[in-house]
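Rule-based calculations on the coordinates, nothing more; no lab input. Computed from a predicted structure; not experimentally measured. FYI the Cβ positions are ideal-geometry reconstructions off the backbone, even for glycines, and counts take in every protein chain you see.
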Amino acid sequence: MTVTLNQLQSFLAVTRSGSVSGAAEELVVTQPSVSAALLALSRELGVELTERSGRGIRLSPAGRAFLPFASSVLGLLEQGRQAAREAAGRSASLVRIAAVTTAGEYLAPPLVQAFRARHPGVELTLEVANRERVFRWVLDHDADVAIGGRAPGDDRLVGEPFLPNELVLITSRDDPLAGRGDVPIAELAERTWLLREEGSGTRSMIEELLALHGLRPRTLPFGSNGAIKHAVRIGLGVSVQSRVAVELELRTGMLAAIQLREGLPERQWYALRSAVGPQRPLVTDFLAFVHTPEARAAIEAAQRP
Ligand code: PGA
C-alpha cells in the first residue's frame with residue numbers, strides 16, 4: 001500500500017472543512033493538489049471516501065470508517081516527533097491532558113501544580129470538554145492523558161480509577177432538609193433539579209438516579225457547575241455534583257448538603273490513555289503520579305478554604 005502522509009493530511013483537512021477549497025486554504029496548497037491527493041487515496045483504498053453534498057463534499061460511509069484510522073496515524077506520528085525532539089533536548093517535555101468539565105476544573109489544577117513541582121521544566125497543557133470529545137482527542141493522539149468520570153468502555157482506551165468520586169446532593173443553606181439526615185429521595189419529588197448541559201456525565205448520573213427511583217421532578221438545564229452552584233445557593237433548586245466541585249462552598253457554609261436515605265451512586269475518577277502505540281516516558285510518569293498519595297494530598301489541599 002502506498003498511502004502517503006500528504007494524502008492523509010488532505011483527507012483530514014477536507015473532513016474538517018467540508019470542501020476542497022477550504023482544505024486547500026488550510027493546507028496552503030492549490031485545490032487541484034487536494035483533489036488529486038483525495039483521488040489517489042480513494043484509488044489506493046479501492047473505495048470512494050467522499051460524496052457530493054450540495055456545493056461541498058462529505059464523507060461516504062467508507063470515508064467515515066477510514067477517518068479514525070487516518071487521524072490516529074497522523075496523531076501517533078506527531079507523538080513520535082515530540083518524543084524524538086524531547087530525547088534530543090530540542091523541545092520542552094510535554095504532557096497534554098484532556099479532562100471532562102468537573103475534572104478539568106477541580107482535579108487538573110492541583111495535579112498539574114504537584115506534578116510540575118516534581119518535574120520542573122515540564123510543560124502541561126489542559127483541554128476541557130465533554131466525555132465524547134475528550135475520548136476522541138485521546139484516540140486521535142491529540143491528548144496524552146484523559147481524566148473522566150467513567151471507565152472508557154472502548155478497547156482502544158485503557159483507564160484505571162485513581163480517586164473515589166464522591167457525589168453530594170446540594171441545596172441552599174436555609175433548606176429545612178439540610179442537615180436533617182436520612183431524607184427519602186421521594187421528599188425531593190416536588191423540587192426543581194438543576195441539570196448540567198447535554199453530554200455531561202454529571203447530568204446523565206442525575207437522570208439515571210431519578211429514573212432509578214421513579215421520580216419525574218421538574219428539571220432545569222443550567223449549563224455549568226458554577227451556574228448550578230450559584231442557582232442552588234439562592235434557592236432555585238437542588239442538584240448533585242462531585243464533592244471536589246462543592247467542598248469549598250460546603251466548608252464555608254455557602255451551600256448545604258442533603259443526606260439521602262437511598263444514598264448516591266458510587267463513582268470513581270479515571271485516568272485514561274490510548275491503548276494504541278508507544279507511550280512517552282513522561283506520560284507514563286504522569287499516569288503513575290495521579291495514583292500517589294502526593295497527588296491525592298494536592299487535590300485535597302485545593303479544596304480547603
Ligand atoms: P462532567 O463530567 O463534569 O462533564 O459532568 C463528570 C463526570 O463524567 O462524572
C-alpha long axis of helix 108-118 to longest principal axis of the chain, angle in °: 70
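For the range 211-273, which chymotrypsin sites (Phe, Trp or Tyr not before Pro) are in a loop by DSSP, counting at most 11 other Cβ atoms within 10 Å?
Numbers: sites: Phe222, Trp269, Tyr270; in loops: Phe222.
Answer by residue number: there is no such site.
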Prolate/oblate/rounded label for the range 214-262 (Cα gyration tensor, a/c 1.5): oblate
With Cα atoms, 0 to 90° folded angle of helix 201-212 axis to the chain main axis: 50
Normalised convex hull volume, the range 1-56, alpha-carbon set, Å³ per residue: 65
Taking Val246, Val73 and counting other C-beta atoms within 10 Å, the order from fewest to most: Val73, Val246
Under 5 Å, built H, 5+ apart or other chain: amide partners of Trp269: Phe162, Leu163, Asn165
Degrees separating the helix 5-17 axis from the principal Cα axis of the chain, which is the longest one: 50
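Taking R0 as 51 Å, what FRET efficiency do you get between Glu44 and His230 from their Cβ-Cβ distance, rounded to the nearest 0.05? Each step should come with its number before you reach the end.
Values: r = 55 Å, r/R0 = 1.08.
E between Glu44 and His230, to the nearest 0.05, is 0.40.
Could you list Val240, Val183, Val34 so that the one with the fewest beta carbons within 10 Å of its beta carbon is first and the one with the most is last? The partial results should precede the final answer.
Values: Val240 24, Val183 17, Val34 27.
Ranking Val240, Val183, Val34 by Cβ neighbours within 10 Å, fewest first, gives Val183, Val240, Val34.
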Neighbour-limited loop hits for GluC sites (Glu not before Pro), the range 143-200 (at most 10 other Cβ within 10 Å; DSSP other than H, G, I, E, B): Glu190, Glu198
Residues of the range 146-173 with amide N under 19 Å of a point placed 7 Å along Cα→Cβ from Glu300: 162-168
Among beta bridges that DSSP assigns inside the chain, antiparallel share in %, nearest 5: 60
